[in-house]
Amino acid sequence: MGPIELLHMSVFSQSFSPCGRFLAASNNYGEIAIFSLSSSLSPEATGVNQKPILTFTAHEGPIFALLSTDTHLLSAGNGEISAWSWGELAKQVREQSRDNSLAVGGGDNNIHVMDLETGVFKSVLQGHTDYIHCLSMREREGELLSGGEDGAVRIWGERLDYCWNAVIECGRPQYGKWISCLTTDSDWMLCGGGPSLSLWHLRSLSPTSIFPLSGCQRQAMFYQDLILAVGEGHFLSHCLLGGEVKSLIPCSPPSLNTLALNTNSTEHRVLTVGGSSDQIDVFTNLSYKAFSLSF
(Lines give C-alpha, C1' and ligand atoms only; values in the text may rest on other atoms or scores of the structure.)
Protein backbone atom coordinates (compact mmCIF):
# COMPACT_ATOMS: atom_id res chain seq x y z
CA MET A 1 0.00 0.00 0.00
CA GLY A 2 1.37 3.37 -1.02
CA PRO A 3 1.88 6.55 1.03
CA ILE A 4 -1.28 8.22 -0.32
CA GLU A 5 -3.45 5.27 0.73
CA LEU A 6 -1.84 5.25 4.17
CA LEU A 7 -2.47 8.98 4.52
CA HIS A 8 -6.19 8.49 3.91
CA MET A 9 -6.59 5.29 5.94
CA SER A 10 -9.11 5.03 8.78
CA VAL A 11 -9.28 2.18 11.29
CA PHE A 12 -12.95 1.49 12.00
CA SER A 13 -12.96 -1.49 14.35
CA GLN A 14 -10.81 -3.78 16.50
CA SER A 15 -11.20 -7.15 18.21
CA PHE A 16 -8.91 -9.34 20.29
CA SER A 17 -8.49 -13.06 19.67
CA PRO A 18 -10.03 -15.52 22.18
CA CYS A 19 -6.54 -16.32 23.52
CA GLY A 20 -5.74 -12.62 23.94
CA ARG A 21 -2.44 -12.89 22.03
CA PHE A 22 -3.59 -11.23 18.80
CA LEU A 23 -5.34 -8.01 17.80
CA ALA A 24 -7.40 -7.77 14.62
CA ALA A 25 -8.09 -4.33 13.09
CA SER A 26 -10.08 -3.31 10.02
CA ASN A 27 -9.86 -0.28 7.76
CA ASN A 28 -11.69 1.67 5.07
CA TYR A 29 -9.94 -0.30 2.29
CA GLY A 30 -11.57 -3.61 3.26
CA GLU A 31 -8.42 -4.98 4.88
CA ILE A 32 -8.00 -6.88 8.14
CA ALA A 33 -4.61 -6.80 9.84
CA ILE A 34 -3.56 -9.26 12.56
CA PHE A 35 -1.00 -8.02 15.09
CA SER A 36 0.98 -10.15 17.55
CA LEU A 37 0.72 -8.61 21.03
CA SER A 38 3.43 -10.84 22.45
CA SER A 39 5.89 -9.56 19.83
CA SER A 40 4.92 -5.90 20.04
CA LEU A 41 4.94 -5.85 23.87
CA SER A 42 8.36 -7.52 24.11
CA PRO A 43 11.14 -5.37 25.68
CA GLU A 44 13.21 -6.09 22.55
CA ALA A 45 10.43 -4.99 20.16
CA THR A 46 11.38 -2.88 17.17
CA GLY A 47 9.31 -1.20 14.48
CA VAL A 48 9.09 -4.51 12.63
CA ASN A 49 7.26 -6.07 15.60
CA GLN A 50 4.66 -3.30 15.47
CA LYS A 51 3.62 -4.24 11.93
CA PRO A 52 0.94 -6.84 11.12
CA ILE A 53 1.95 -10.47 10.96
CA LEU A 54 -0.89 -10.98 8.49
CA THR A 55 -2.89 -8.57 6.31
CA PHE A 56 -5.61 -9.68 3.91
CA THR A 57 -8.43 -8.12 1.91
CA ALA A 58 -11.67 -9.34 3.46
CA HIS A 59 -14.27 -7.09 1.76
CA GLU A 60 -14.46 -4.97 -1.36
CA GLY A 61 -15.38 -1.87 0.66
CA PRO A 62 -14.88 -0.57 4.21
CA ILE A 63 -15.14 -2.94 7.18
CA PHE A 64 -17.14 -1.20 9.87
CA ALA A 65 -17.30 -3.91 12.55
CA LEU A 66 -15.24 -6.80 13.88
CA LEU A 67 -16.38 -9.28 16.51
CA SER A 68 -14.66 -12.34 18.00
CA THR A 69 -16.39 -15.50 19.11
CA ASP A 70 -14.61 -18.46 20.71
CA THR A 71 -13.67 -19.79 17.29
CA HIS A 72 -14.20 -17.14 14.61
CA LEU A 73 -13.52 -13.52 13.72
CA LEU A 74 -16.64 -11.94 12.18
CA SER A 75 -16.36 -8.93 9.86
CA ALA A 76 -19.14 -6.72 8.51
CA GLY A 77 -19.05 -4.27 5.62
CA ASN A 78 -21.61 -2.88 3.19
CA GLY A 79 -24.31 -5.57 3.29
CA GLU A 80 -21.92 -8.48 3.80
CA ILE A 81 -20.88 -10.48 6.87
CA SER A 82 -17.91 -12.87 6.73
CA ALA A 83 -16.52 -15.36 9.24
CA TRP A 84 -12.82 -16.20 9.53
CA SER A 85 -11.52 -19.12 11.58
CA TRP A 86 -9.11 -17.97 14.28
CA GLY A 87 -7.44 -21.37 14.01
CA GLU A 88 -6.78 -20.88 10.30
CA LEU A 89 -5.61 -17.30 10.82
CA ALA A 90 -3.19 -18.50 13.51
CA LYS A 91 -1.81 -21.15 11.14
CA GLN A 92 -0.99 -18.40 8.60
CA VAL A 93 0.98 -16.43 10.99
CA ARG A 94 -16.31 -12.29 21.68
CA GLU A 95 -19.12 -10.63 21.82
CA GLN A 96 -21.27 -13.70 21.48
CA SER A 97 -24.57 -14.09 23.25
CA ARG A 98 -25.20 -17.12 25.43
CA ASP A 99 -27.67 -18.74 23.04
CA ASN A 100 -25.05 -18.67 20.26
CA SER A 101 -26.82 -15.97 18.29
CA LEU A 102 -25.47 -12.93 16.48
CA ALA A 103 -27.46 -9.69 16.32
CA VAL A 104 -26.77 -7.44 13.32
CA GLY A 105 -28.13 -3.91 12.80
CA GLY A 106 -27.80 -1.94 9.60
CA GLY A 107 -29.22 0.27 6.92
CA ASP A 108 -32.69 -1.28 6.65
CA ASN A 109 -33.59 0.06 10.15
CA ASN A 110 -34.00 -3.50 11.49
CA ILE A 111 -32.00 -5.85 13.72
CA HIS A 112 -31.49 -9.32 12.26
CA VAL A 113 -30.70 -12.23 14.60
CA MET A 114 -28.61 -15.08 13.17
CA ASP A 115 -28.09 -18.59 14.53
CA LEU A 116 -24.30 -18.99 14.42
CA GLU A 117 -24.55 -22.78 14.26
CA THR A 118 -26.59 -22.83 11.05
CA GLY A 119 -25.88 -19.38 9.60
CA VAL A 120 -29.62 -18.82 9.23
CA PHE A 121 -31.33 -15.57 10.25
CA LYS A 122 -34.07 -16.60 12.66
CA SER A 123 -35.79 -13.34 13.61
CA VAL A 124 -36.10 -9.63 12.83
CA LEU A 125 -36.55 -6.85 15.41
CA GLN A 126 -38.40 -3.86 13.99
CA GLY A 127 -38.95 -0.45 15.54
CA HIS A 128 -36.21 1.99 14.52
CA THR A 129 -37.19 4.53 11.87
CA ASP A 130 -33.65 5.08 10.55
CA TYR A 131 -30.50 3.01 10.23
CA ILE A 132 -28.86 1.42 13.27
CA HIS A 133 -25.39 2.45 14.44
CA CYS A 134 -24.71 0.37 17.56
CA LEU A 135 -25.80 -2.61 19.65
CA SER A 136 -25.01 -3.67 23.21
CA MET A 137 -25.94 -6.89 25.02
CA ARG A 138 -27.01 -7.18 28.66
CA GLU A 139 -26.30 -10.88 28.97
CA ARG A 140 -27.47 -11.32 32.56
CA GLU A 141 -30.87 -9.84 31.76
CA GLY A 142 -31.04 -11.36 28.28
CA GLU A 143 -31.68 -7.93 26.78
CA LEU A 144 -30.31 -6.23 23.67
CA LEU A 145 -30.00 -2.44 23.39
CA SER A 146 -29.81 -0.61 20.06
CA GLY A 147 -29.06 2.97 19.05
CA GLY A 148 -29.75 4.55 15.68
CA GLU A 149 -29.76 7.54 13.40
CA ASP A 150 -33.31 8.28 14.58
CA GLY A 151 -31.97 9.26 18.03
CA ALA A 152 -33.78 6.40 19.74
CA VAL A 153 -32.36 3.83 22.14
CA ARG A 154 -34.45 0.68 22.26
CA ILE A 155 -34.33 -2.20 24.75
CA TRP A 156 -35.27 -5.60 23.36
CA GLY A 157 -36.05 -8.66 25.50
CA GLU A 158 -38.57 -11.42 25.10
CA ARG A 159 -40.83 -8.48 24.37
CA LEU A 160 -40.03 -4.85 23.54
CA ASP A 161 -39.56 -3.45 27.02
CA TYR A 162 -38.98 0.22 26.35
CA CYS A 163 -37.94 2.84 23.84
CA TRP A 164 -36.88 6.39 24.57
CA ASN A 165 -35.16 9.27 22.85
CA ALA A 166 -31.86 10.47 24.29
CA VAL A 167 -32.18 13.74 22.34
CA ILE A 168 -34.88 14.93 24.74
CA GLU A 169 -32.51 14.89 27.73
CA CYS A 170 -29.07 15.36 26.16
CA GLY A 171 -29.66 16.87 22.72
CA ARG A 172 -27.23 19.14 20.90
CA PRO A 173 -29.05 20.32 17.74
CA GLN A 174 -25.82 21.46 16.12
CA TYR A 175 -24.58 17.84 16.00
CA GLY A 176 -27.81 16.03 15.09
CA LYS A 177 -29.77 13.40 16.98
CA TRP A 178 -27.98 10.18 15.97
CA ILE A 179 -26.72 7.66 18.55
CA SER A 180 -23.27 6.40 17.57
CA CYS A 181 -22.04 4.71 20.77
CA LEU A 182 -23.82 2.52 23.28
CA THR A 183 -22.59 0.22 26.03
CA THR A 184 -23.91 -1.24 29.28
CA ASP A 185 -22.60 -2.44 32.61
CA SER A 186 -25.17 -4.11 34.89
CA ASP A 187 -27.89 -1.49 35.52
CA TRP A 188 -26.00 1.35 33.79
CA MET A 189 -25.81 2.50 30.21
CA LEU A 190 -23.63 4.94 28.28
CA CYS A 191 -24.89 6.48 25.07
CA GLY A 192 -23.89 9.43 22.91
CA GLY A 193 -23.26 10.71 19.41
CA GLY A 194 -25.13 13.81 18.34
CA PRO A 195 -26.47 14.06 21.90
CA SER A 196 -23.87 14.49 24.65
CA LEU A 197 -22.32 11.33 26.05
CA SER A 198 -24.43 10.50 29.08
CA LEU A 199 -24.71 7.90 31.84
CA TRP A 200 -28.17 6.39 32.40
CA HIS A 201 -29.64 4.26 35.16
CA LEU A 202 -31.58 1.58 33.32
CA ARG A 203 -34.02 0.78 36.13
CA SER A 204 -35.22 4.37 36.38
CA LEU A 205 -34.50 5.18 32.70
CA SER A 206 -33.09 8.58 33.58
CA PRO A 207 -29.69 10.23 32.99
CA THR A 208 -27.50 10.61 36.08
CA SER A 209 -24.51 12.32 34.41
CA ILE A 210 -23.92 14.27 31.20
CA PHE A 211 -20.26 14.57 30.19
CA PRO A 212 -19.02 17.94 28.85
CA LEU A 213 -17.02 16.51 25.95
CA SER A 214 -16.77 18.45 22.71
CA GLY A 215 -17.72 16.85 19.41
CA CYS A 216 -19.47 13.53 18.83
CA GLN A 217 -18.31 10.46 20.72
CA ARG A 218 -18.03 7.29 18.62
CA GLN A 219 -17.21 4.67 21.25
CA ALA A 220 -17.19 4.51 25.04
CA MET A 221 -16.65 1.87 27.70
CA PHE A 222 -16.75 1.32 31.44
CA TYR A 223 -13.37 0.60 33.04
CA GLN A 224 -13.18 0.20 36.82
CA ASP A 225 -14.32 3.56 38.24
CA LEU A 226 -13.75 5.41 34.93
CA ILE A 227 -15.52 5.93 31.64
CA LEU A 228 -13.27 5.92 28.58
CA ALA A 229 -14.47 7.60 25.38
CA VAL A 230 -13.16 8.46 21.90
CA GLY A 231 -14.62 10.51 19.06
CA GLU A 232 -13.91 13.75 17.25
CA GLY A 233 -10.48 15.06 18.17
CA HIS A 234 -7.27 13.20 19.03
CA PHE A 235 -7.89 12.63 22.74
CA LEU A 236 -8.80 9.55 24.75
CA SER A 237 -11.13 10.94 27.42
CA HIS A 238 -11.06 9.71 31.03
CA CYS A 239 -14.31 10.63 32.76
CA LEU A 240 -15.56 10.11 36.30
CA LEU A 241 -18.97 8.57 36.89
CA GLY A 242 -20.20 11.83 38.39
CA GLY A 243 -19.80 13.63 35.06
CA GLU A 244 -16.39 15.27 35.42
CA VAL A 245 -13.68 14.92 32.77
CA LYS A 246 -10.60 13.67 34.64
CA SER A 247 -8.04 13.82 31.81
CA LEU A 248 -7.58 13.96 28.04
CA ILE A 249 -4.80 11.71 26.74
CA PRO A 250 -3.31 12.64 23.32
CA CYS A 251 -3.40 9.97 20.60
CA SER A 252 -1.77 9.69 17.18
CA PRO A 253 -4.84 9.79 14.85
CA PRO A 254 -6.39 13.27 14.49
CA SER A 255 -9.88 11.79 14.98
CA LEU A 256 -10.75 8.57 16.82
CA ASN A 257 -13.22 5.81 15.87
CA THR A 258 -12.53 2.79 18.05
CA LEU A 259 -11.09 1.64 21.36
CA ALA A 260 -10.72 -1.91 22.65
CA LEU A 261 -9.55 -3.44 25.93
CA ASN A 262 -7.95 -6.89 25.91
CA THR A 263 -9.61 -8.79 28.76
CA ASN A 264 -8.74 -12.22 27.31
CA SER A 265 -5.14 -12.25 28.57
CA THR A 266 -3.60 -10.91 31.79
CA GLU A 267 -0.14 -11.09 30.19
CA HIS A 268 -1.19 -8.93 27.25
CA ARG A 269 -3.68 -6.61 28.98
CA VAL A 270 -3.64 -3.49 26.81
CA LEU A 271 -5.99 -0.78 25.57
CA THR A 272 -5.84 0.03 21.86
CA VAL A 273 -7.18 3.11 20.04
CA GLY A 274 -7.61 3.68 16.29
CA GLY A 275 -9.05 6.32 14.01
CA SER A 276 -8.33 8.41 10.93
CA SER A 277 -4.77 7.17 10.51
CA ASP A 278 -2.90 3.97 9.66
CA GLN A 279 -1.66 3.87 13.28
CA ILE A 280 -3.23 2.09 16.26
CA ASP A 281 -2.07 3.39 19.64
CA VAL A 282 -1.32 0.85 22.36
CA PHE A 283 -1.69 1.75 26.05
CA THR A 284 -0.12 -0.50 28.69
CA ASN A 285 -0.93 2.27 31.18
CA LEU A 286 -4.04 4.36 30.66
CA SER A 287 -2.16 7.58 31.39
CA TYR A 288 0.02 7.55 28.25
CA LYS A 289 0.54 5.88 24.90
CA ALA A 290 3.25 3.20 25.00
CA PHE A 291 3.74 2.81 21.24
CA SER A 292 1.81 2.55 17.97
CA LEU A 293 1.07 -0.35 15.68
CA SER A 294 0.76 0.50 11.99
CA PHE A 295 -0.70 -1.08 8.87
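State yes or no: is ALA58 open to solvent by 40 Å² or more (accessible area, probe 1.4 Å) and either among the small types (Gly, Ala, Ser) or at positive phi (or both)? If you could, list the steps in order and put the result at the bottom.
Details: open to solvent by 40 Å² or more (accessible area, probe 1.4 Å): no; either among the small types (Gly, Ala, Ser) or at positive phi (or both): yes.
It is false that ALA58 is open to solvent by 40 Å² or more (accessible area, probe 1.4 Å) and either among the small types (Gly, Ala, Ser) or at positive phi (or both).
Being farther than 22 Å from ALA83 by Cα, buried (at least 17 other Cβ atoms within 10 Å of the Cβ), out of contact with any Asp or Glu (no Cβ under 7 Å at 6 or more places or on another chain) and small (Gly, Ala, Ser) is the filter here, so list the residues in region 120-157 that pass it.
Result: SER146, GLY147, GLY151, ALA152.
Open to solvent by 10 Å² or more (accessible area, probe 1.4 Å) and not in a strand (DSSP E or B): does that describe ARG203?
So ARG203 fits the description; yes.
The values are calculated or read from the model by the stated rules, or taken from the named source; none is laboratory data. All values derive from a computational prediction rather than experimental measurement. Note that we place each Cβ from the backbone using ideal geometry, even for glycine, and neighbour counts take in every protein chain shown. The protein model used for the area step is the full one, side chains on, heavy atoms only, and it has no ligands, DNA or RNA in it. Shrake-Rupley method; radii C 1.70, N 1.55, O 1.52, S 1.80 Å.
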